[in-house]
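Structure first, then comments.
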Amino acid sequence: MQKIYVVEDDENIRELVIYALGAAGFETVGFETGTDFFAALKTTLPAIILLDIMLPEEDGLTILKRLRNNMNTKKLPIIMLTAKSSEHDRVKGLDRGADDYISKPFSVLELISRVNAVLRRSQPEEQSEHLAFGILSLDDARREVSVSGEKVTLTYKEYELLRCLLMNAGFVLSRDKILDNVWGYDFEGESRTVDMHIKTLRHKLGEAGKHIKTVRNIGYKLELEQ
């Protein structure tokens, strides 16, 4: 059974989340403060963390930064719980390494769906994959990309950028997260590098390029048009 840690100071919300995730088959443990949470991390690492932003003592964004700066927890999946759907909170959370966010109030079904989606995304990748999204197809074994069956020639970085978007289809990726995944943590360039590659990638993908959506002040995501 996968374990989930919930860091939330509102007892009513914390207990609701614990009950809902428990009913969905997860072992869920709640914490009111960052102090109790970090104490538990010393003995057991969870499969995923749900982290509220507004907390006593340390706030959620500070805790998030500590987690990402620690070798033992830097890759743990983290979903931020925001008290309001403010763009500022979402941007800061994603920029500091959150995998997703849920704005309060949220439904139990949405919560479970987001948790399952992030857990699936965090699973180790297979060495060879075939990824498809609408008319767009990527064969990772052959490193080939096609749109409506027609092959598209991409540079190495354009290919890795597209693969990153496909692996995270439906999720918003900040420019910093894309830089980390595609260019690496040691890359010293600017986030404009991402914008320039997105522009050329959209052009080369033609009709399929419209699925790469810009999320204002945050980054990009791949999604089908409604």
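Readers should treat all values here as calculations from the given coordinates under stated rules, not as data from a laboratory. The model shown is predicted, which means the values in this text are computed figures rather than measured ones. Every residue, glycine as well, gets a Cβ built from its backbone with ideal geometry; the counts of neighbours run over all protein chains shown.
Assorted remarks:
- When HIS130, HIS211 are sorted by how many other C-beta atoms sit within 10 angstrom of their C-beta, beginning with the fewest, the order is HIS130, HIS211.
- Farthest positive-ward along the chain dipole, Cα basis, beta-carbon charges - from GLY93, VAL115, TRP183: TRP183
- Shape metrics for the stretch 130-222, restricted to C-alpha atoms - Rg then Dmax, Å: 12.4, 37
- In the list [x] 10.5; [y] 13.1; [z] 11.6, the label attached to mean projected area of the Cα convex hull in nm² as derived from the coordinates here is [y].
- If the chain linking ASN70 and ASP176 were pulled fully straight, counting 0.36 nm for each residue of separation and taking away their Cα-Cα distance, it would gain 36.4 nm.
- Helix 108-121 and the longest principal axis of the C-alpha atoms of the chain enclose an angle of approximately 60°.
- Cross-link partners for LYS74 among the lysines, with Cα-Cα distance under 29 Å and sequence neighbours closer than 8 places in the same chain left out: LYS3, LYS42, LYS65, LYS84, LYS92, LYS104, LYS157, LYS177, LYS213, LYS221.
- Residue-averaged 222 nm ellipticity for the chain, from DSSP H runs of 4+ at -39500 (n - 2.57), nearest 500: -11000 deg cm²/dmol
- Packing rank of 5-11, 202-208, where each peptide gets the mean count of other beta carbons within 10 Å, highest leading: 5-11, 202-208
- Ranked packing of 57-64, 41-48, most packed first, by mean Cβ within 10 Å: 57-64, 41-48
- With R₀ fixed at 30 Å, the C-beta to C-beta distance from TYR19 to GLU129 puts the FRET efficiency at about 0.25.
- Between helix 11-23 and the chain: long-axis angle, C-alpha atoms, 0 to 90°, nearest 10: 60
- Whole-number percent relative contact order across the chain, with pairs defined as alpha carbons under 8 Å at least 6 apart: 13
- Least to most buried among ARG90, ARG120, ARG143 (fewest other Cβ within 10 Å first): ARG120, ARG143, ARG90
- What separates the Cα centres of the stretch 4-70 and the stretch 88-164 is a distance of 25 Å.
- Local charge for SER113 was computed over the other residues whose Cβ lies under 15 Å away, with Lys and Arg +1 and Asp and Glu -1, and equals 0.
- Residues listed by number, the stretch 19-54, amide nitrogen under 16 Å from ARG121 label point at 7 Å toward C-beta: 48-51
- Kirkwood-based shape ratio for the stretch 3-121, expressed as Rg/Rh from alpha carbons: 0.91
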